[in-house]
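Chemist: First the structure, which I've put down as C-alpha cells, then a few questions once you've had a look.
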Amino acid sequence: MTVAAGIGYTLLALGPSLSLFVAVISRKPFLTLTLLSSTLVWLMSLIALSAVWRAFLPFKTATWWPYSLLILTSVALQEALRLFLWRVNKRMEEMLDAYADRVSKPRLYITDKMQIALAGGMGHGVAHAVFFCISLLTPAFGPATYYVEKCSKIPFFLVSSIMALAFVTIHTFSMVIAFNGYSEGNKKDQYFAPVVHLAAGVFTLINLASGGCVVGIPLLYVMAIVTLVHCGNTVWRRLTDNRSMETNLQ
Amino acid sequence: MEQNPRPRTVLETCGEEIIRIVTPVSICMLLVVILVSVLNRGSSLDDGLSFATMATMAYSESSSDSIWDKLKGALLNSLVFVAVVTVATFLMVLLFYFKCTKFLKYYMGFSSLLVLGFMGGEIAIFLIKASSFPVDCFTFAVALYNFTVVGVMAVFLSRMAIFVTQAYLVVIGVLVAYWFTLLPEWTTWGLLVAMSLYDLAAVLLPGGPLRLLVELAMDRDEDIPALVYEARPVISDAGLGDGVVRRRVWREGRGDFDEDQRLRSDLVPGSSLRTYIYGESESERNIVDAEDGRALGGDSELAAPLMQHINIRMNSLENAVSSENLALEGIGLGSSGAIKLGLGDFIFYSVLVGRAAMYDFMTVYACYLAVIAGLGITLLLLAFYRKALPALPFSVLLGVLFYLLTRLLLESFVVQCSINLLMF
C-alpha cells in the first residue's frame, strides 16, 4: 500500500520506542549497548524456539491446543531468560560499581539501575516488533495489501502493528518491574512480569477464532495499560522511598 | 527540585568508544541495504555480473547449475581470491619493509580516486536511471569530479576535517561493498567465509603477512599507510567533577602519543599498552568499463591492510585486574585515544548484510545483530588477550550462522505465528 503506508505501519509499532530511544537511551552509550545485547538475546531465544517447533509447523489441525502449547513453551523460555538476564545485570552492576570506585566517581544511582532495566526491556520489545511485525512489512511497501480471514475488517499489517505496539509496551515496562522486584525481593513484582506475559500470549490465542481479534486486541491493550500503570506506581514508590531515606540520612 | 545537580556516574560515558565505532558500521550497512533494495529489485538475483571479474575468474555461476557445482565453483572462486589477496599483502609487506611508504600513500589515493570516481559514478548513474532524476551530463560530470577530488584529498591529506574524512571513508566502504554484492550468491558467501579464515590465519600464524606488517610497524613505531576509519577520541577529565568530555582531533605520528602521555600522566599513572586488532588486506576486482560493460584488462588491485588500534591505559598499581575490568578500562573513562577500524571490515560486514537483504529483511536484522555482537566480542577479547586479533572471523561466521538459522528455521516459525495473529 505504497511507501507511505509502510512507513506508517513501522512508526505505529515502533514510534513510542523511537522517541524513548532518542530521549533517554541514546544519551548514554552504555544503554544503547544494553539495548543491542538484549535484542540479540531475545533473537537467540526466538531461534531456539523455532528450532524446536519447526518440525511441527504448519499445524494441520484447526484446534487451539497446539497453538497454546507453543505460546506456553515460548513464554516459559523467555521468562527463564529474564531470570538469567537478572543475574547478568547484577554482575554488570557490581562491575560498574567497582569501576566507579576505581575512578572515584559515585556509584550507580537507583535511576541508573532503572534505566538499564528500561533499556533491557526495550531491547526485548524492539526485537519483538522487528521480527514479528517489521520484517513482514516488505509487501506493505508495494501497491497492494493483505487481509487475514480470521480478522478480515482491517489489513493484516495494521493488525500486526497494533499488536506489536502493545507487546513493546509490555516487554519494556515489565522488565523494569521485574528487575525492581528482584532487587527488592518483592514477590508480587517478581511474579508480575511472567503472569502478564503469559496472559498477553493467551489473549492472542483468542485471535484464532473468527472475528476474535475484536476481543483479543483490546484485552491485550488492557494488559499493556496495566503494565504501564504498575510500572509507574513501582518506580514512583521506589524513588520516593529512596528520597525519604536520603533526607533521613542527612 | 534539587538544589545542586548530582555528580555524574560512570553510566554517562561508559561504552562511548564502542558506540563511536558501531555507529559508522551501522550507517555503512544501512546504506548498502538501501542501495541493494532500491537497485536490485528488477534484476534477476542469480545471474549476477555478466562480465568477468577477479572474483569469478575460476567459475561463473549460472542459475541452472546443480548445488554441488555451485558449491565447488564458489570454493574455487574463493580460493583464487584469497590467493590473490595473500600475494598482494606480501607485496605490501615487502614495500613497507623497503620503506616505500610514499608509493603506498600515492597508491591509496589513486585507488580511492578509482572507487569514488568510477564506481561512485556508475552507481550514481544506476540511481538516476532508477529514479528518473532529471540531470544533464555536464552537471553530473562537474559534481562527480568535485566529489571525487574532495574524497581523494580527504583520504590523502591528514589536515581535513575529521567528519569529512569519516564520511568519505564510509562512502568508499559502501561503494565497494555494493559492488561485491553484485557477485553471484554462492560465490559471495564462499568469499566471506574464506576471507574470515584468511584473516584468522594472516594475523595469528607466525608467518602471516599481516602479523609481519604489524611487527614491522611496531618496531619502527610508524603508522601503516592504509585506508582506516578513525573514530574521534574521547577524553574525559576524571579530575573534574562535572565530567566534561573534551574532544581532540587525532594527529598523525608519534607526537600524538607524547601529548597523550603528558596529558594523562597526572590523571592515571601507569604504563600504556598498545594493542592492535587487524582486519585483512583487501584486493579489489577489476574496474568495469561503463560503456562496454566488460572488464578492463588492467589488474588494478587495491592492497590496503586494515587495522584497528586500541590504546588501553592500564593502571600499573592494579595487579589483579580481571578481564572484565580490563574491558571497562579500555572502553570506559580511563582510556583515551582513537579506535581505528580497517575499511575492509566495514566492507565485508556490509557485503554480508547486503547479501542478506537480497533474500529478505528478517535476515538483514538477524545478520546485523550478529555482526554487531561479533564486533563486541572481538573488542572484549582484545581487552582480554592484549595482542593482535583479526576483526573479521567472529562477525562474519556469526553472521553466516544467523543467516542460515533465520532463513531455514526462524522465518517459517514467525510467519506461521503472525499469520494466525499469535504473538508472545
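Chemist: Do we find a residue being in a loop (DSSP other than H, G, I, E, B) and more than 26 Å from residue B:106 (Cβ to Cβ) anywhere in segment B:138-161? Reasoning before the result, please.
Modeler: Step one: of segment B:138-161, the residues in a loop (DSSP other than H, G, I, E, B) are B:157-161.
Checking the rest, the ones that are also more than 26 Å from residue B:106 (Cβ to Cβ) come to none.
No, every residue in segment B:138-161 fails to be in a loop (DSSP other than H, G, I, E, B) and more than 26 Å from residue B:106 (Cβ to Cβ).
Chemist: Take the residues in segment B:382-400 that are more than 19 Å from residue B:346 (Cα to Cα) and in a helix (DSSP H, G or I), then tell me which one is farthest from the other protein chains (Cβ to nearest Cβ). Don't jump to the end; show me each part of the working.
Modeler: Here is the first cut: in segment B:382-400, the residues more than 19 Å from residue B:346 (Cα to Cα) are B:383-387.
Still in the running and in a helix (DSSP H, G or I): B:383-385.
Values: B:383: 13, B:384: 14, B:385: 19 Å.
Among residues in segment B:382-400 that are more than 19 Å from residue B:346 (Cα to Cα) and in a helix (DSSP H, G or I), the one farthest from the other protein chains (Cβ to nearest Cβ) is B:385.
Chemist: What residue, among those in segment A:108-141 that are at the interface with chain B (Cβ under 7 Å from one of its Cβ atoms) and assigned to a loop (DSSP other than H, G, I, E, B), is surrounded by the fewest Cβ atoms within 10 Å (Cβ to Cβ)?
Modeler: Going through the qualifying residues, I end up with A:109.
Chemist: Would you confirm whether or not segment A:19-26 contains a residue that is at pLDDT 90 or above, of a type in the set (S, T, N, Q) and surrounded by 16 or more Cβ atoms within 10 Å (Cβ to Cβ)?
Modeler: no
Chemist: List pairs: first in segment B:405-424 and farther than 13 Å from residue A:51 by Cβ and at pLDDT below 90, second among the basic types (Lys, Arg) and surrounded by fewer than 22 Cβ atoms within 10 Å (Cβ to Cβ), Cβ under 8 Å, 6+ apart or cross-chain?
Modeler: B:420/A:150; B:421/A:150
Chemist: Right, another one. For segment B:90-106, state whether one or more residues are of a type in the set (Ser, Thr, Tyr), in contact with a Pro (Cβ under 9 Å, 6 or more places away or on another chain), in contact (Cβ under 8 Å) with a residue 60 or more places away in the chain and closer than 29 Å to residue B:233 by Cα.
Modeler: Start the filter on segment B:90-106 by keeping residues that are of a type in the set (Ser, Thr, Tyr), which leaves B:97, B:101, B:106.
Keeping just the survivors that are in contact with a Pro (Cβ under 9 Å, 6 or more places away or on another chain) gives B:101.
This time we only want the ones that are in contact (Cβ under 8 Å) with a residue 60 or more places away in the chain, so: B:101.
Adding the requirement that they be closer than 29 Å to residue B:233 by Cα leaves B:101.
Yes, segment B:90-106 contains at least one residue that is of a type in the set (Ser, Thr, Tyr), in contact with a Pro (Cβ under 9 Å, 6 or more places away or on another chain), in contact (Cβ under 8 Å) with a residue 60 or more places away in the chain and closer than 29 Å to residue B:233 by Cα.
Chemist: Now for a separate question. Being within 14 Å of another protein chain (Cβ to nearest Cβ) and of a type in the set (Gly, Ala, Ser) is the filter; apply it to segment A:4-18 and report the residue that is surrounded by the most Cβ atoms within 10 Å (Cβ to Cβ).
Modeler: Residue satisfying both the conditions and the ranking: A:13.
Chemist: Which one of these does residue B:151 not meet: (1) modelled with pLDDT of 90 or more; (2) closer than 30 Å to residue B:77 by Cα; (3) within 21 Å of the chain's Cα centre (by Cα)?
Modeler: Status for residue B:151: all satisfied but (2).
Chemist: Please go through segment B:113-143 and pick out each residue that is in contact (Cβ under 8 Å) with a residue 12 or more places away in the chain and more than 20 Å from residue B:35 (Cα to Cα).
Modeler: Once the filter is applied, which keeps residues that are in contact (Cβ under 8 Å) with a residue 12 or more places away in the chain and more than 20 Å from residue B:35 (Cα to Cα), segment B:113-143 yields only B:113.
Chemist: I've got another one for you. Name the residue, out of B:78, B:111, that is within 17 Å of residue B:227 (Cβ to Cβ), out of contact with any Ser or Thr (no Cβ under 6 Å at 6 or more places or on another chain) and buried (at least 18 other Cβ atoms within 10 Å of the Cβ).
Modeler: B:111
Chemist: Please find, among A:186, A:180, the residue that is farther than 30 Å from residue B:36 by Cβ and either over 20 Å from the mean Cα position of the chain (by Cα) or facing chain B (nearest Cβ under 8 Å) (or both). Full working, then the answer.
Modeler: On the way: A:180 fails: either over 20 Å from the mean Cα position of the chain (by Cα) or facing chain B (nearest Cβ under 8 Å) (or both).
Checking each option against the conditions leaves just A:186.
Chemist: List the strands (runs of 3 or more DSSP E) inside segment B:171-285, counting only whole elements, that have at least 2 residues being modelled with pLDDT under 80.
Modeler: Numbers: elements: B:228-230, B:234-236, B:245-247, B:272-278.
Hits in segment B:171-285: B:234-236, B:245-247, B:272-278.
Chemist: Moving on to the next point. Among the residues of segment B:352-361, is there at least one that is more than 8 Å from every other protein chain (Cβ to nearest Cβ), buried (at least 24 other Cβ atoms within 10 Å of the Cβ), out of contact with any Ser or Thr (no Cβ under 7 Å at 6 or more places or on another chain) and modelled with pLDDT of 85 or more?
Modeler: For segment B:352-361, residues more than 8 Å from every other protein chain (Cβ to nearest Cβ), buried (at least 24 other Cβ atoms within 10 Å of the Cβ), out of contact with any Ser or Thr (no Cβ under 7 Å at 6 or more places or on another chain) and modelled with pLDDT of 85 or more: present.
Chemist: Which residue, of A:76, A:62, A:55, is under 20 Å from the mean Cα position of the chain (by Cα) and either part of a helix (DSSP H, G or I) or more than 9 Å from chain B (Cβ to nearest Cβ) (or both)?
Modeler: Values: A:62 fails: under 20 Å from the mean Cα position of the chain (by Cα); A:55 fails: under 20 Å from the mean Cα position of the chain (by Cα).
Testing whether each residue is under 20 Å from the mean Cα position of the chain (by Cα) and either part of a helix (DSSP H, G or I) or more than 9 Å from chain B (Cβ to nearest Cβ) (or both) leaves just A:76.
Chemist: Within segment B:362-381, can you find the residues that are of a type in the set (Ser, Thr, Tyr) and within 11 Å of chain A (Cβ to nearest Cβ)? Show your work before the answer.
Modeler: Here is the first cut: in segment B:362-381, the residues of a type in the set (Ser, Thr, Tyr) are B:363, B:365, B:368, B:378.
Scanning segment B:362-381 gives B:363, B:365, B:368.
The values are calculated or read from the model by the stated rules, or taken from the named source; none is laboratory data. What you see is a predicted model, and the numbers here were worked out from it, not measured in a lab. Cβ atoms come from the backbone with ideal geometry, glycine included; neighbour counts cover every protein chain shown.
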